[in-house]
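Accompanying notes for the structure given below.
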Amino acid sequence: MPKTIEMIVSLKVPDTTAITALQTLQKLGFNKIKDVKRADYYKFSVEGDEGKFREKISKADVLVNANKHSFDFSLKKDSYAKILVKNINDGGSGLLSTLKNRLGFDEIKRIENGVLWVLLVEAEEKEARKIAEKAARELLVNEHYQEYVLV
């Protein structure tokens, strides 16, 4: 039975895309959004030893460059609103092919990937989620080819 492993890969250096998104959201009137972070999100369906897979995948240079990225295998429980944006009809086949054929990750059966936007919203949780959803619709997601979910 395949196991599901999530991996979040973030930049160690300031993320100019996230900084620009924050400035743009504030110009659009989202004054309660105080910080924006961005990370690459991967969800693997794998067979075999989870620990060995985590160790091996964290060294895959196509996902994690040790000089500029940090990674984690779980979403942190905190006060940030999180929006996962994925391309519609993208089964990750290109990345899956690279990982399996070029790097020998035969244990991967399926992969999903997207961008995780993390917003610090100065509001109660219910209002923060509404603000985050509005920010997603107005700036962070292109609804012509992307979909999103609040996580």
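Each reported figure results from applying straightforward, stated rules to the coordinates on display, with no laboratory input. Quick caveat, the model's predicted, so the values are computed rather than measured. So basically every Cβ, Gly included, is an ideal-geometry build from the backbone, and we count neighbours across all protein chains shown.
Within segment 95-113, the set of residues being surrounded by 15 or more Cβ atoms within 10 Å (Cβ to Cβ) and in a strand (DSSP E or B) comprises ILE108, ILE111, GLU112, ASN113.
Can you tell me which residue among ILE131, ILE111 is aliphatic (A, V, I, L, M) and in contact with a Phe, Trp or Tyr (Cβ under 6 Å, 6 or more places away or on another chain)? Write out each step before concluding.
Values: ILE131 fails: in contact with a Phe, Trp or Tyr (Cβ under 6 Å, 6 or more places away or on another chain).
Only one candidate qualifies: ILE111.
For GLU127, the conditions (1) surrounded by 14 or more Cβ atoms within 10 Å (Cβ to Cβ); (2) part of a helix (DSSP H, G or I); (3) not β-branched (Val, Ile, Thr) are fulfilled apart from (1).
Of all residues being without any contact (Cβ under 8 Å) to a residue 12 or more places away in the chain and among the hydroxyl-bearing types (Ser, Thr, Tyr) in segment 67-113, which is nearest to ARG129 (Cα to Cα)? Just the residue, please. Step by step, filter segment 67-113, then rank; the result is SER93.
Do you know which residues across segment 1-29 are in contact with a Ser or Thr (Cβ under 9 Å, 6 or more places away or on another chain) and either part of a helix (DSSP H, G or I) or among the basic types (Lys, Arg) (or both)?
LYS3, LYS12
Could you list, in sequence order, all residues of segment 5-46 that are among the small types (Gly, Ala, Ser) and closer than 15 Å to TRP117 by Cα? Don't jump to the end; show me each part of the working.
Looking only at segment 5-46, we keep the residues that are among the small types (Gly, Ala, Ser), and these are 10, 18, 21, 29, 39, 45.
Scanning segment 5-46 gives SER10, ALA18, ALA21, ALA39.
Among the residues of segment 43-53, those identified as within 17 Å of the chain's Cα centre (by Cα) and buried (at least 16 other Cβ atoms within 10 Å of the Cβ) are LYS43, PHE44.
Go through segment 30-48 and count every residue that is small (Gly, Ala, Ser) and either without any contact (Cβ under 8 Å) to a residue 12 or more places away in the chain or in a strand (DSSP E or B) (or both).
So the first thing to find is which residues in segment 30-48 are small (Gly, Ala, Ser), and the list is 39, 45, 48.
The next check asks that each one be either without any contact (Cβ under 8 Å) to a residue 12 or more places away in the chain or in a strand (DSSP E or B) (or both); those that pass are 39, 45.
Number satisfying all stated conditions: 2.
A count restricted to segment 65-94 and to residues that are surrounded by 17 or more Cβ atoms within 10 Å (Cβ to Cβ) and touching a Phe, Trp or Tyr at 6+ places or on another chain (Cβ under 8 Å) stands at 5. Note on segment 11-36: residues that are crowded, with 18+ Cβ neighbours inside 10 Å and closer than 24 Å to LYS59 by Cα amount to 0.
Has segment 9-21 got any residue that is in contact (Cβ under 8 Å) with a residue 24 or more places away in the chain, closer than 25 Å to GLU138 by Cα and touching a Gly at 6+ places or on another chain (Cβ under 9 Å)? Within segment 9-21, not a single residue is in contact (Cβ under 8 Å) with a residue 24 or more places away in the chain, closer than 25 Å to GLU138 by Cα and touching a Gly at 6+ places or on another chain (Cβ under 9 Å).
Checked against the criterion of being of a type in the set (S, T, N, Q) and in a helix (DSSP H, G or I), segment 52-73 contains not a single residue that satisfies it.
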